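Since the structure comes first, as structure tokens, the remarks are kept for the end.
Any read-out appearing in this document is the output of simple, stated calculations on the displayed coordinates, not a laboratory observation. Just so we're clear, the structure is a prediction, and the values are computed from it rather than from any experiment. Heads up, the Cβs are rebuilt from the backbone with ideal geometry, glycines too, and the neighbour counts pull from every protein chain shown.
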Amino acid sequence: MYPVARFTAAGRTFCRTNLLYGDTPSLGDELLLFGNLTIDKDDKVFLPLPYEVLIERGGHIAIPAALANDPDINSTTTLSDLARRLRDRLSREVLK
């Protein structure tokens, strides 16, 4: 489940689209989520910021504008390749 809402109340728009955020996921898309914030007492409900969600759709990664200049993200074509790069980088950091 990926909650999405956009509504207007009292002349203000809530959960509006922001150019820094990526696309809204659709059924069949693959997602890579970043972040560490859970909002429930059992630590099962994950609330990523919109720019912490990368979407692979039709063999292409939809990159949020906030991450558009990241060379590691821009030089990969699949989320699995990006996840592998991140695991490699994290394992090198842990070994230091």
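Tabulated data
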{"quantity": "Nonlocal amide H pairs with E30, under 5 Å, H built at 1.01 Å", "calculated": "E56"}
{"quantity": "Amide H within-cut-off set for D70, under 5 Å, with H built and near neighbours excluded", "calculated": "none"}
{"quantity": "Segment T8-A68, length gained on full extension (0.36 nm per residue, minus Cα span)", "calculated": "18.7 nm"}
{"quantity": "For the stretch 7-95, size of Cβ-based charge dipole, Lys and Arg +1, Asp and Glu -1, in debye", "calculated": "160 debye"}
{"quantity": "Per-peptide average of other Cβ atoms within 10 Å, ordering 50-61, 74-85 highest first", "calculated": "50-61, 74-85"}
{"quantity": "Under the Karplus curve 6.51 cos²θ - 1.76 cosθ + 1.60, θ = phi - 60°, whole-Hz ³J(HN,Hα) for the stretch 60-76, x wherever Gly or Pro sits", "calculated": "10, 8, 8, 9, x, 4, 5, 10, 4, 9, 6, x, 5, 6, 5, 9, 10"}
{"quantity": "Extent along principal axes [Cα atoms of the stretch 7-95; Å; largest to smallest]", "calculated": "52, 34, 25"}
{"quantity": "Tensor-based shape of the stretch 43-96 (alpha-carbon gyration tensor, a/c under 1.5 rounded, otherwise prolate or oblate)", "calculated": "oblate"}
